[in-house]
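Engineer: Below is a structure I'd like to ask you about.
The values are calculated or read from the model by the stated rules, or taken from the named source; none is laboratory data. Computed from a predicted structure; not experimentally measured. Here Cβ is always computed from backbone atoms with ideal geometry, including for glycine, and neighbour counts include all displayed protein chains. Note: accessible area is taken over every heavy atom of the protein model, side chains too, but ligands, DNA and RNA are not part of it. Shrake-Rupley method; radii C 1.70, N 1.55, O 1.52, S 1.80 Å.
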Amino acid sequence: MDSAVSEVSGLAAVPVVSAVPTASADPADAADPAGSGRQEEKLQPWQADRSRAPIATKIVVAGGFGVGKTTYVGTVSEIEPLQTEALMTKASEETDDLTATPDKITTTVAMDYGRITLDNDLVLYLFGTPGQERFWFMWDDIVRGAIGAIILADTRRLAECFPALDYFESCGLPYLVAVNQFEGTETFDEKEVRQALAVPEHIPMMVMDARDRITAIEALLALVRHALDVTPE
């Protein structure tokens, strides 16, 4: 990881709403999966030494409903993630398709928030967007000040990626497409998914598991490198 990162971005306000993480076999629902590597929170070097000024960057995690955004933020975060999960009710049955995720019982109604320190002095603040169309009006506020976005994709519902792809293309924010490989689903290589989504060759794409901290962090590193390449100033 190149430590010479010069971009410092603004941070959106974080709602004081927290949900207790629950384990799940589905990458779209597991908020703190086993083996995530996050232990009891401890001070980072930049927190213990007040003479050090960390480089703070803001990353957005976006995608369709039930694609694994809450799981991703929970897997990566070195602190207990803030979540705005609400129980799903019968009122949403006609609008929220649970065909691919029948065990999903909660949904994000505002945002997810986490933090990870890389290379000692590079701090990434993660903001997960809500997936349903009725919450899209919040995206502009969540995205403000970010250096890039990770768009999660589920190969069973690729069509749900297009709103996020269109949004970040239109606003000019650097992004990466991360295919969240759900357990028991058919595996496709990056080229096939790229063609199906019509993602340009210069946009990074990778296959990962939102429950696996190593591949999740690799996606973050790839996004930061991409953001530096396209917006070096």
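Engineer: Can you name the helices (runs of 4 or more DSSP H) wholly within the stretch 147-233 that have at least 1 residues being open to solvent by 50 Å² or more (accessible area, probe 1.4 Å) and within 17 Å of K58 (Cβ to Cβ)? Break it down into steps so the answer makes sense when it comes.
Structural biologist: Details: elements: 162-171, 190-197, 213-230.
In the stretch 147-233, 162-171, 213-230 are the helices (runs of 4 or more DSSP H) which contain 1 or more residues that are open to solvent by 50 Å² or more (accessible area, probe 1.4 Å) and within 17 Å of K58 (Cβ to Cβ).
Engineer: For the stretch 101-146: of the residues being over 16 Å from the mean Cα position of the chain (by Cα) and surrounded by 19 or more Cβ atoms within 10 Å (Cβ to Cβ), which is modelled with the lowest pLDDT?
Structural biologist: T101
Engineer: Do you know which of the residues in the stretch 208-227 that are touching a residue at least 12 places away in the same chain (Cβ under 8 Å) and out of contact with any Pro (no Cβ under 9 Å at 6 or more places or on another chain) is farthest from I147 (Cα to Cα)?
Structural biologist: Only one residue fits best here, namely M208.
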